[in-house]
Amino acid sequence: MLIACFMFAITGLFAKILGQLLPSIEVVFFRNLVGLFMVTYAILKFKEKFRGGHFWLLMFRGFIGTIAMFAFFYNIAKIDLATAFTFSKTSPIFVAIISAFVFKEVLSFRGWLAIVLGFLGILFIIQPNIAVHKTDIIGVFSGFGAALAYTSIRELKKSYTTNIIVFVFMCWGTALPIFFGILANFVVYEPLDFLLDKFLMPTGLSWLYIAIMGVSGLFFQIYLTKSYAVAKKAGVVAAVSYMDVIFTLIIGYFMGDALPNLFAFFGIILVILSGILVAREK
């Protein structure tokens, strides 16, 4: 899991570099295009069969997961890496809330404590007494949208294999950027500029960065899967997964990111602690 976290941080590093050269939706496009080729190969090779059903839930998972990814990659380009990753790491908090209110799961005192700590962490990061920025709203949405995508997998796993679920997600992740890239030629709406942006043709080193981002993303998935496959306690592995925030904090610093102020740093610690408590709860 430590290797997976490092690979994810490297993916974020090159996504941030590309975010200065290309629109964030285009970075999402290439990130998913690489994955689409890989998962298509796996499906064809193993000739996977599935029962089917829950079609609209499958489509919803692909759509909302892609929109959440847009938000995540937009923030990677606009704010420091560690904060962008921390916002995305709020998803377990929202998963716990959705599970409690939608699926009627009973949370222990520790579970509710984790949720409270998580939201306190978000407040410390956002610091609404100073100002609430657009990236703050988009950051929280990246966590909430990812949580909606994750919780939908519970029902989808009854009808589809993992590769099929990922395949549909990757299809949305390549089709939606193209759609929004075309739409951006006719519509200009500043609040949704994380969705509406014109495509630019990558040049020179951009292609190399895209390749590295795709390969590091592949290794992230491989080691993430391996870690859960061999783990005796998934909760421990999930807790270790928060190391990517630490890695991005270090990488971001050497890239020139300003370190979070004391309140924001405390908020990051609270979100990590909250996620670990939620993981242990599961």
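Can you find a residue in the stretch 90-106 that is assigned to a helix (DSSP H, G or I), open to solvent by less than 20 Å² (accessible area, probe 1.4 Å) and farther than 20 Å from L273 by Cα?
no
Could you say which residue among M213, M201, M243, M255 is at pLDDT 85 or above and touching a Ser or Thr at 6+ places or on another chain (Cβ under 7 Å)?
Details: M201 fails: touching a Ser or Thr at 6+ places or on another chain (Cβ under 7 Å); M243 fails: touching a Ser or Thr at 6+ places or on another chain (Cβ under 7 Å); M255 fails: touching a Ser or Thr at 6+ places or on another chain (Cβ under 7 Å).
Answer to the check: M213.
Do you know which residues across the stretch 178-198 are at pLDDT below 85, among the hydrophobic types (A, V, I, L, M, F, W, C) and under 20 Å from the mean Cα position of the chain (by Cα)? Before the answer, list the steps.
Here is the first cut: in the stretch 178-198, the ones at pLDDT below 85 are 188-194.
Narrowing further to those that are among the hydrophobic types (A, V, I, L, M, F, W, C): 188, 192, 194.
Those that are at pLDDT below 85, among the hydrophobic types (A, V, I, L, M, F, W, C) and under 20 Å from the mean Cα position of the chain (by Cα): L192, F194.
Residues are listed down the side, and each one gets a yes or a no for (1) open to solvent by less than 60 Å² (accessible area, probe 1.4 Å); (2) closer than 28 Å to A239 by Cβ:
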| residue | (1), (2) |
| --- | --- |
| V188 | no, no |
| L205 | no, no |
| G217 | yes, yes |
| K226 | no, yes |
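Regarding I269, is this residue open to solvent by 60 Å² or more (accessible area, probe 1.4 Å), part of a helix (DSSP H, G or I), modelled with pLDDT of 85 or more and not polar (S, T, N, Q)?
Values: open to solvent by 60 Å² or more (accessible area, probe 1.4 Å): yes; part of a helix (DSSP H, G or I): yes; modelled with pLDDT of 85 or more: yes; not polar (S, T, N, Q): yes.
Judged against the criteria, I269 is a match.
Right, S142: over 25 Å from K78 (Cα atoms), open to solvent by less than 30 Å² (accessible area, probe 1.4 Å) and not in a loop (DSSP other than H, G, I, E, B) or not?
Values: over 25 Å from K78 (Cα atoms): no; open to solvent by less than 30 Å² (accessible area, probe 1.4 Å): yes; not in a loop (DSSP other than H, G, I, E, B): yes.
Answer is no for this residue.
Residues in the stretch 4-13: is at least one more than 28 Å from L183 (Cα to Cα) and outside any helix (DSSP H, G or I)?
no
Out of the stretch 166-195, which residues are out of contact with any Phe, Trp or Tyr (no Cβ under 6 Å at 6 or more places or on another chain), outside any helix (DSSP H, G or I) and within 16 Å of V27 (Cβ to Cβ)?
A184, D193
So, in the stretch 74-89, how many residues would count as being in a helix (DSSP H, G or I) and charged (D, E, K, R)? Quick ask: steps written out before the conclusion?
Just the residues of the stretch 74-89 that are in a helix (DSSP H, G or I), to begin with: 74-78, 81-88.
From what is left, the residues that are charged (D, E, K, R) are 78.
Final tally of qualifying residues: 1.
May I ask you to list pairs of residues, at least six apart or on different chains, whose Cβ atoms are under 6 Å apart, with the first in the stretch 125-154 being touching a residue at least 40 places away in the same chain (Cβ under 8 Å) and of a type in the set (F, W, Y) and the second being in a helix (DSSP H, G or I) and crowded, with 19+ Cβ neighbours inside 10 Å?
From residues that are touching a residue at least 40 places away in the same chain (Cβ under 8 Å) and of a type in the set (F, W, Y), the pairs are F141/A71; F144/F94; Y150/V95.
The values are calculated or read from the model by the stated rules, or taken from the named source; none is laboratory data. From a predicted model like this one, the values you see are computed outputs, not experimental measurements. Because the Cβ atoms are built from the backbone with ideal geometry, glycine has one as well, and the counts that use them run over all protein chains shown. We work out accessible area using only protein heavy atoms, side chains counted, and drop any ligands, DNA or RNA first. Shrake-Rupley method; radii C 1.70, N 1.55, O 1.52, S 1.80 Å.
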